[in-house]
Structures are given as structure tokens and as C-alpha cells.
Amino acid sequence: MTYADAFADADLNNVMIKVDGQQVSTTKSTVSSPFSYSANVMIPKGTTKYLELYADILSSATDGDATPDTAYATLTASGTTTPSGASVTPSAAPGQTITASTGSFSTGLDGTSPVNRAVSGNQTVTAAAYKFTATNETYSIKEVQVKVSSAAVASVISAVQLYDGATPVGMATPFNGATATISLSQNPVPVAANSVKVLTAKLMLNNIGQGAGTSQSNAALTLDYVKYFDSQGVETTDNTDRAGNELYVYKAVPTFTQGSVDTATTVVNGSQRDLFKFSVTAPSSTISANGITLKNIRLPITWNDAGTGGDALEVESVKLLVDGSDVTTSDVTLQDDSGNSVESTSGLTEADAYLVISWDAGKELSVGAGQTREIKVRGTFQGFNALDADSDPTDSVGFNLLADTAHNGTKVYLNGTGAGTIWGLHTSAAATGSGTAYAVIWSDVSANPHATAENASSSDDWANSYKLFDDMDVRQFED
């Protein structure tokens with residue numbers, strides 16, 4: 001053996017030789033280089049034998065400094081031919097260089113972990129995927145503990161399941177306060193040297209509502225610690241937190257789907273057109289029998305007034321159709337963002353950034369379990385210029401629906417905003433006229449009782465549209 005830096009004979013024990021996978025020598029508990037073996041190995045003419053040198057390398061083989069500690073073995077052999085008995089001495093054959101280093105084990109959040117989202121309760125969902133990396137040494141995972149932000153949040157979870165791919169490897173039920181410990185001691189999960197193991201955590205979610213889990217809880221799941229041991233059985237605990245992404249749990253989460261409308265480029269002033277359409281679907285009754293409700297929707301407007309004749313773009317006589325029926329005069333008020341009605345000839349103008357659909361006081365749009373409701377906005381164009389001399393459109397208007405970019409937090413009560421009958425959310429049920437406006441205000445009907453009233457009579461089960469849907473495409477109309 002040839003050594004560099006800390007490597008030495010004393011760093012090897014249980015040295016032996018195998019030929020074609022079979023041990024052909026006695027095992028030497030200690031060695032002194034050069035060391036030799038005597039073995040009776042027959043190599044028939046025209047054949048090849050493969051010799052392997054095995055040894056246990058002790059932790060003393062590295063001194064921990066910046067210089068790599070290495071060793072390599074050089075084979076020299078001798079024998080006799082049969083039947084002539086002539087001596088043979090093959091050329092020396094150097095082996096590969098072995099570099100001694102320390103092993104390491106690290107944790108992380110894997111790239112396959114789900115992104116921020118909102119989910120319905122009463123089902124099993126993937127919460128996070130954790131990555132475990134072994135370097136230079138094989139390790140085995142013995143115990144994993146995960147946590148949520150509080151015991152109150154843990155009320156939405158009945159159990160945590162840990163999976164290695166599609167294979168369940170452990171489960172914890174229920175949470176102990178804000179933590180859950182999954183023991184793998186009976187079947188430790190191995191992480192081979194210089195490899196990565198990904199374990200996926202799934203949450204079995206409770207029903208949500210009165211006497212059950214708390215709606216709008218963020219059940220983001222954090223890896224609290226992991227216990228593991230190396231090939232020598234030495235156990236270590238890694239306490240590095242690895243936070244999973246946001247996971248807001250509701251009694252039921254609706255699905256928003258954009259619909260298509262006629263987007264012919266030519267706008268005729270005085271003509272009525274469908275401006276925007278989308279549908280809302282509530283989960284099936286296996287998730288929640290209550291369905292969901294809608295209270296307020298804001299559609300952003302983009303204007304482009306490229307005319308030269310001092311025109312004033314307007315979309316007037318705005319109407320709302322639900323499932324094909326005009327409900328404008330009965331259940332809702334259509335307003336600009338200042339709270340002015342746009343249902344007559346005083347409509348949306350270039351100064352308006354939003355069209356706001358507000359269900360009237362004590363009213364809401366119910367979407368029953370498993371039901372889909374279609375919502376369509378219709379309006380009449382005024383003041384749009386004709387094509388220019390090059391037949392290029394000059395004026396345009398577009399409508400779309402953007403999801404809220406942050407969760408409403410503790411603002412769960414329905415209150416007026418102080419602008420017309422536009423509704424917002426507030427931290428207090430007693431507040432009046434001080435609610436925060438959002439893109440969509442809806443309820444998972446988790447309160448008992450759920451209240452359709454506002455302000456001081458509001459129930460605490462209202463939310464915005466954070467992570468309910470992806471931003472919808474602009475539906476643009478040009479003259």
C-alpha cells in the first residue's frame with residue numbers, strides 16, 4: 001500500500017482478498033505494508049480472473065485538515081505454470097486511489113414540494129417534500145418530526161403520513177400540540193452514500209367548521225428535526241428547520257374557470273356585447289355539503305384612448321347574467337371603483353380602474369356542493385373612434401380577473417368599504433365602512449351559523465381569492 005498524509009497501515013483492518021467474488025485468503029485483522037497472501041488459484045488457459053482487495057477503513061484514516069488523505073494498493077503476483085512448473089511474475093498492477101474523507105448528512109426542501117395554495121378540508125393532500133443528502137457515507141433515517149405554526153392550526157390535521165415515493169414508511173396521529181413525530185426505528189429509511197432520498201409528507205385533513213378544524217388555517221408543514229445514524233450506528237439529530245410552502249385549509253375551495261366571449265375586433269358604438277365570462281364550481285358533497293358563496297368581485301379594466309377627436313370612451317348599461325339570467329335589477333349592484341352605479345347611461349369611463357360586482361345587502365350568490373354557476377358581464381360601447389387612415393384600431397378596452405396576491409389574514413368579517421355598496425373584509429364584525437377591498441370576496445360557509453348579513457352581523461368565514469385561481473386573460477375589445 002502507498003499512503004499520503006494521514007493514511008497508514010493502522011487505519012486498515014480486516015484485510016482480505018477475493019477472486020471472482022470468493023474469498024481466497026485468511027482475513028488479516030492488522031497489516032504492515034507491504035503485506036502478502038498465499039492462495040491456490042487456478043487460472044485456466046485463455047481465461048481471466050478478477051482479484052479484489054477488501055479492508056475496513058477506520059475513521060483515523062483522515063486527520064481533518066485541508067489535504068486529502070489517500071491510499072492505493074499495487075498488486076504484484078507470482079505463480080507457476082502447469083504442467084511445466086515454470087515460474088511466472090506478471091507486471092505490477094496499481095489499483096485506484098482511495099480518498100478518505102468525513103461523511104455528511106444534510107436536509108432541505110425538495111424542488112418537488114407543492115407551491116403556495118389553498119385546499120379543501122376532509123381529504124388527504126401533499127404538504128411538502130423533504131430532501132436528505134448523504135455524502136461519502138451511508139446513513140439511515142430513524143425519526144422525523146414535523147410542525148405547524150400552532151396547536152390551533154394542528155386542529156385541521158388528523159394525521160401526517162410519510163412516503164418514500166409511492167410507499168408509505170411512517171405515520172403520526174394526532175399532533176402533540178404543534179408537532180408530530182414519525183418513528184421509523186422499526187424500518188429505518190436508508191440514504192446511500194453520495195445519493196439523495198426524498199420523503200413526501202401528506203396531511204390527512206379534518207372536516208372544517210364549528211367543533212372541527214379552523215377555517216383559513218395555514219397548515220404549512222415544517223421539518224422540525226430528523227434523527228439518523230451512520231454505518232457504524234452513531235446517531236445524530238439535525239435540528240435545521242425546513243419550511244414547507246403555504247397551505248391554507250378551508251371547508252371548501254371553489255374552482256374558477258375563465259370562459260370565452262366574442263372578441264371580434266370591431267366595436268360598434270351603441271352595441272351591446274358580452275365583456276367577460278367565468279364559472280365557479282364548488283367541491284362535491286364528499287368535501288362539504290355546504291358549498292360556497294360569493295359576495296364581491298372586482299374586474300380590472302385597461303383603457304387605450306388613441307383617438308384624436310376628443311372622444312370619451314365609455315362602457316354603459318352594464319349587466320350581470322348568472323346562468324344566462326339577468327340578475328342586475330334584483331340581487332346585485334354594478335359599480336365603478338368609487339361606488340357609482342354603471343347600470344344606466346352613466347357607465348364605466350376611462351377614469352375607472354375596476355368594474356365591481358357587489359351582491360346587495362343580505363344577498364350572496366350560493367354555489368351548491370358540486371354545482372357550477374356561470375357569471376357573465378355585458379355592456380354597451382360608446383365614444384370609440386373608427387379606424388384610422390391606415391385601417392388600424394385606435395381605441396380599446398379590456399377586462400380580466402386577477403387573484404389577490406396575499407391572504408386576507410385575520411380580516412374575516414364582511415364590512416362595507418365606504419364606497420357605494422362595495423364590500424370589503426375587516427378584523428372586526430362591529431366595523432362599518434372600513435373594510436378592505438379585494439379582487440374576490442367569498443365564503444366557505446364554515447361558520448355556524450353562516451351570516452349573509454354584513455358589518456356587525458357578519459359571520460367570521462369570509463376570505464379573499466389568494467391562491468384560488470391563476471390570473472385570467474384580458475378580454476380586449478378594439479374599435
Review point. Could we say that K295 is farther than 26 Å from T181 by Cα and basic (K, R) here?
Key: yes
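Could you tell me whether segment 136-145 includes any residue that is of a type in the set (A, V, I, L, M) and more than 30 Å from L58 (Cβ to Cβ)?
Yes, segment 136-145 has at least one match.
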Check your understanding: Across segment 132-172, what is the total count of residues that are farther than 30 Å from G211 by Cα and not in a strand (DSSP E or B)?
Key -> 5
Check your understanding: Restricting segment 428-478 to residues that are over 24 Å from I208 (Cα atoms) and of a type in the set (D, E), which is nearest to the chain's Cα centre (by Cα)?
Key -> D470
Review point. Going by the structure shown, is A463 of a type outside the set (D, E, K, R), without any contact (Cβ under 8 Å) to a residue 40 or more places away in the chain and buried (at least 18 other Cβ atoms within 10 Å of the Cβ)?
Key: no
Exercise for review: State whether one or more residues within segment 252-264 are of a type in the set (D, E) and under 15 Å from R475 (Cβ atoms).
Suggested key: yes
Study note, to complete from the structure: When A180 is run through (1) touching a residue at least 60 places away in the same chain (Cβ under 8 Å); (2) crowded, with 17+ Cβ neighbours inside 10 Å, the failure sits at (1)
Check your understanding: Which residue out of A10, A55, A77, A73 is surrounded by 14 or more Cβ atoms within 10 Å (Cβ to Cβ) and within 27 Å of T236 (Cβ to Cβ)?
Key -> A55
Point to revise | Set Q161, Q216: member being over 23 Å from N408 (Cα atoms), at pLDDT 95 or above, surrounded by 19 or more Cβ atoms within 10 Å (Cβ to Cβ) and not hydroxyl-bearing (S, T, Y) | key: Q161
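Only residues that are polar (S, T, N, Q) and either over 19 Å from V88 (Cβ atoms) or in contact (Cβ under 8 Å) with a residue 24 or more places away in the chain (or both): list them for segment 12-59, please.
Matches in segment 12-59: N13, N14, Q22, Q23, S25, T26, T27, S29, T30, S32, S33, S59.
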Practice item. Consider D262 carefully, then state whether it is without any contact (Cβ under 8 Å) to a residue 24 or more places away in the chain, out of contact with any Cys (no Cβ under 8 Å at 6 or more places or on another chain) and not hydrophobic (A, V, I, L, M, F, W, C). Key: yes
**Study point:** Meets criteria (of a type in the set (A, V, I, L, M), more than 37 Å from the chain's Cα centre (by Cα), modelled with pLDDT under 95 and surrounded by 21 or more Cβ atoms within 10 Å (Cβ to Cβ)) for L313
**Key:** yes
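The values are calculated or read from the model by the stated rules, or taken from the named source; none is laboratory data. Just so it is clear, the structure is predicted and the values come from calculations on it, not from any experiment. Reconstructed Cβ throughout: ideal geometry from the backbone, glycine too, with neighbour counts over all protein chains shown.
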